[in-house]
Amino acid sequence: MQINQPSNQIRLTNVSLVRLKKGKKRFEIACYKNKVLEYRSGIETDLDNVLQIPNVFLSVSKGQTAPTQDLAKAFGAKTSVDDIIQEILKKGEMQVGEKERHAQAERIHNEVVDIVAGKLVDPKSKRVYTAGMIEKALEQLSSQGAQHKQEDQGKVTSGTATPTAEGEEGKGKKKELPTWTGVVTTKSAKSQALEAMKALIAWQPIPVSRARMRLRITCPSNILKQAVKGPGKKTAHEDGDDGEEEKATGTVKDRILSYIEQVESQDTEGQEWEVVGFVEPGAFKGLGEFIGGETKGRGRVEVLDMAVVHEGD
């Protein structure tokens, strides 16, 4: 006798699952491996290249598709299957095997190290560190972070710690510093590289600073001698917070040059003044805002090099 498989039973193998719990039900979709992250990052936009089958399941392992009434109750009667799938893809939790998880973590780790190695330099020599040196520095930070966490948990468990006001202040300052505990697979390599750079700069396991940007700034020469109006220079800190404003003094030209750490060249041609120089990344936003405001859109800031480094031994 022939045994027919029920119409809502679909068998799939070699898949990555994305799960989302909504309306007291858990819904799943079956995706191709490595495609979910590409979709979430915007690299892949075609759902056909992401989904193994354009259906929503209650259980992929059992091949049980989600009934229409369950989908309507959880997502709304007017919500299309494509919209439901996109919501699960964006908000759901991705289930991957141990080998895939390890390979993904290793890939993100290598990307983070490469990004950091290209953005940080030795403050004195302005030379880049090797990826191996950056990796060791991050491992040191990760070990220190785990050790500090264990110590804090031990003090809380024992109940013997009674910090003084000075101790509380010191502890508070310590906690405010950015920390690094290693890569995770739920964040992009770019965002984690930024976190790693902040921690390296804050703790200095090796001497590091952000590589300077090389910019070309052009401005109408007839406004260079105008007195500056409004607040003074504001430089962002490495952790992204705004720094304190300095008192506004001098001319427009003085203020522009105050943002530039090292001038490479400056010249006036016709009615336009041009300067090329090196700027700390934290000052870039403030410089752009100042140029735009003071020149009413007639000035320009052009990035010639995002991170200037010196190669060599």
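The values are calculated or read from the model by the stated rules, or taken from the named source; none is laboratory data. Note that this is a predicted model, so its numbers are computed, not measured. All Cβ positions, even for glycine, are placed from backbone atoms using ideal geometry, and neighbour counts span all protein chains on display. What goes into the accessible areas is simple: the full protein's heavy atoms, side chains included, and nothing from ligands, DNA or RNA. Shrake-Rupley method; radii C 1.70, N 1.55, O 1.52, S 1.80 Å.
The table that follows gives values for the structure above.
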| quantity | calculated |
| --- | --- |
| Residue pairs meeting the criteria (Cβ under 7 Å; at least 6 apart or on separate chains; first under 13 Å from E28 (Cα atoms), in the range 71-86; second at pLDDT 95 or above and among the acidic types (D, E)) | none |
| Selection within the range 267-276 - over 17 Å from E294 (Cα atoms) and open to solvent by less than 90 Å² (accessible area, probe 1.4 Å) | T268, G270, V276 |
| Residue within the range 153-167 that is open to solvent by less than 60 Å² (accessible area, probe 1.4 Å) and at pLDDT 90 or above present | no |
| Test for D83: is it open to solvent by 60 Å² or more (accessible area, probe 1.4 Å), farther than 25 Å from Q104 by Cα and under 32 Å from the mean Cα position of the chain (by Cα) | yes |
| Residue list for the range 179-197, filter: in a helix (DSSP H, G or I) and not basic (K, R) | A189, S191, Q192, A193, L194, E195, A196, M197 |
| Candidate set from the range 249-266 (those that are assigned to a loop (DSSP other than H, G, I, E, B) and open to solvent by 50 Å² or more (accessible area, probe 1.4 Å)); member that is farthest from P220 (Cα to Cα) | E261 |
| Some residue of the range 57-68 being surrounded by 15 or more Cβ atoms within 10 Å (Cβ to Cβ), modelled with pLDDT under 90 and hydroxyl-bearing (S, T, Y) | no |
| Hey, R26 in a strand (DSSP E or B) and either within 14 Å of V96 (Cβ to Cβ) or open to solvent by 60 Å² or more (accessible area, probe 1.4 Å) (or both) or not | yes |
| Pairs with Cβ under 6 Å, 6+ apart, first in the range 221-232 and under 13 Å from G286 (Cβ atoms) and open to solvent by 30 Å² or more (accessible area, probe 1.4 Å), second hydrophobic (A, V, I, L, M, F, W, C) and at pLDDT below 90 | none |
| Residue in the range 114-127 that is part of a helix (DSSP H, G or I), open to solvent by 50 Å² or more (accessible area, probe 1.4 Å) and touching a strand residue (DSSP E or B) at 6+ places or on another chain (Cβ under 7 Å) present | yes |
